[in-house]
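To start, the structure under review is shown below, and the notes come after it.
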There are 2 protein chains.
Amino acid sequence: MNVQKSASVGRPRGFDADEALESAMRVFWQNGYEGASLSDLIEAMGISRTSMYASFGNKEELFRKALTRYADGPASYGAEAVAEPAARDVATVFLHGAVRSATLPGYPTGCLSLRASLIGGEDSQLIRELLADWRDETSAMLRKRFQRAVDEGDLPAETDPALLTRYLMMIGNGIAVQAAAGAPRDELQLIADAVLQSWPPVLSRQQDER
Amino acid sequence: MNVQKSASVGRPRGFDADEALESAMRVFWQNGYEGASLSDLIEAMGISRTSMYASFGNKEELFRKALTRYADGPASYGAEAVAEPAARDVATVFLHGAVRSATLPGYPTGCLSLRASLIGGEDSQLIRELLADWRDETSAMLRKRFQRAVDEGDLPAETDPALLTRYLMMIGNGIAVQAAAGAPRDELQLIADAVLQSWPPVLSRQQDER
DNA sequence: GCAGTTCTGGATCGAGCGGTACGGAATCAG
DNA sequence: CTGATTCCGTACCGCTCGATCCAGAACTGC
């Protein structure tokens, strides 16, 4: 399932599979799944088509591996956030992580998941489902964490953990889009701080405020 | 520049150009620019390739016309918002419009601009610039409106109109992404109301709150 | 040195892309 | 009816897409 190991016998591999995957991740991050052609990918990876297929399977599997690398690297802030001791800290780490990840120097701006998933023809259906699954995993983590916070009295008893999660993910998505549109890190940082100033948000299902 | 009018002499056009453009808009909305192939488009429009080229020019011009239709129709809430009498009303109309537009029954969820612009190869560079220009127009409208509100004392004197605009656009983008991810309208409505509860946001450039 | 195995680069595949050429169909003015 | 004009459907263009074939290069064990 993982990257094909270079065998002990036979001609040794002429490139570093880890560096090649890093390069592929950046191309997918910049151009999305369909927007990244094989020619783009192998040029950035510095290897030939044949080597890519031998080492990574095909384009779809290459993307899966690049996404795993992304989730464990630049986008690991979700897992870090839920480990925080208080709900407010969870939100703080999550949003600051979103800002940092979306404006990493030397990397494309915004979020790989968003860039790759929003659009596409029928053939990238599997990719969109893969990315939806990944986002659902993050959502589930946050929801359980906020449920725990409610149980512990860390959040008001009437808090809806699922809705609060959606609120936080929505802000994170907005940050990623603005970063992709060219917003500088310091402005996004100020915006994230402003959002955190009114934590927790007033998400009442009962009354309509307007 | 606009849709080629059907001439007075010769064989009359066998389809309604307005209905065809509406169908094309939906396909672009659903699949983005590159994700919508000519075959998809003409099938949805119910016309042949030749008729599309004769009436709309080419794929890029068809998209431009679909975008204009989108901006004047489902996405006209930006222009409506800046006509409101107070800054708070501007934000309210803008966010409620974003929620409504992103969850219109019978239309794709989310925002056409986002779906079409986030990714793509080099050939869709012009399209991304076109969409960036459109978003910049909306930004400029809001910024000027908020500047006026500051001048009129409707907003605190230390408010940065550009940053406040970015904040509002960021929330709108987040709503669109969440809608595209399947969030129901009522949840997004609650989230938008929660954002509006803490209006105006505390966007101080001077002090860092953390 | 020699077989066996693995990696590599170039040529190439079928499919789908956006776009076009062309002849027939439908309508106008006379 | 005739000729001019315009619309429409089919077949096709060159190109790029993801993916594969194949011969040769580079390494290990013997």
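The values are calculated or read from the model by the stated rules, or taken from the named source; none is laboratory data. Keep in mind that this is a model prediction, so the values were computed, not measured. For neighbour counting, all protein chains shown are included, and Cβ atoms are generated from backbone atoms with ideal geometry for every residue, glycine included.
For A:Asn31, are the conditions met, namely being farther than 30 Å from A:Val195 by Cα, modelled with pLDDT under 95 and either more than 16 Å from DNA strand C (Cβ to nearest atom) or outside the structural domain of A:Thr109 (by TED's automatic domain parsing) (or both)? It is false that A:Asn31 is farther than 30 Å from A:Val195 by Cα, modelled with pLDDT under 95 and either more than 16 Å from DNA strand C (Cβ to nearest atom) or outside the structural domain of A:Thr109 (by TED's automatic domain parsing) (or both).
Considering the range B:39-51, the residues that are within 14 Å of chain A (Cβ to nearest Cβ) and exposed (fewer than 14 other Cβ atoms within 10 Å of the Cβ) include one that is nearest to DNA strand C (Cβ to nearest atom), namely B:Ser39.
Checked against (1) out of contact with any helix residue (DSSP H, G or I) (no Cβ under 7 Å at 6 or more places or on another chain); (2) closer than 19 Å to A:Trp134 by Cβ; (3) surrounded by fewer than 17 Cβ atoms within 10 Å (Cβ to Cβ), A:Ala54 meets all criteria but (2).
Residue pairs whose Cβ atoms lie under 6 Å apart, sitting 6 or more positions apart in sequence or on different chains, and linking a residue in the range B:25-41 that is within 15 Å of B:Gly110 (Cβ to Cβ) to a partner that is part of a helix (DSSP H, G or I) and within 7 Å of DNA strand C (Cβ to nearest atom), are B:Val27/B:Asp40.
If the condition is being among the aliphatic types (A, V, I, L, M) and facing chain A (nearest Cβ under 8 Å), then the range B:151-175 contributes B:Leu163, B:Met169, B:Met170, B:Ile171, B:Ile175. Quick check on my filter: what residues within the range A:186-197 are touching a residue at least 40 places away in the same chain (Cβ under 8 Å) and within 15 Å of A:Asn173 (Cα to Cα)? Residues satisfying the conditions are A:Leu188, A:Gln189, A:Ala192, A:Val195.
Condition check ((1) buried (at least 17 other Cβ atoms within 10 Å of the Cβ); (2) more than 10 Å from chain B (Cβ to nearest Cβ); (3) within 16 Å of DNA strand C (Cβ to nearest atom); (4) of a type in the set (Lys, Arg)) across all residues:
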site: A:Glu60; (1), (2), (3), (4): no, yes, yes, no
site: A:Ser76; (1), (2), (3), (4): no, yes, no, no
site: A:Leu95; (1), (2), (3), (4): yes, yes, no, no
site: A:Ala102; (1), (2), (3), (4): yes, yes, no, no
site: A:Pro105; (1), (2), (3), (4): no, yes, no, no
site: A:Glu122; (1), (2), (3), (4): no, no, yes, no
site: A:Leu131; (1), (2), (3), (4): yes, no, no, no
site: A:Asp136; (1), (2), (3), (4): no, no, no, no
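Would you check if B:Ala179 is more than 9 Å from every other protein chain (Cβ to nearest Cβ), buried (at least 16 other Cβ atoms within 10 Å of the Cβ), within 15 Å of the chain's Cα centre (by Cα) and at pLDDT 95 or above? Yes: the conditions hold for B:Ala179.
Criterion first (at the interface with chain B (Cβ under 7 Å from one of its Cβ atoms), in contact (Cβ under 8 Å) with a residue 24 or more places away in the chain and of a type in the set (A, V, I, L, M, F, W, C)) does A:Val202 satisfy it? Against the criterion (at the interface with chain B (Cβ under 7 Å from one of its Cβ atoms), in contact (Cβ under 8 Å) with a residue 24 or more places away in the chain and of a type in the set (A, V, I, L, M, F, W, C)), A:Val202 does not qualify.
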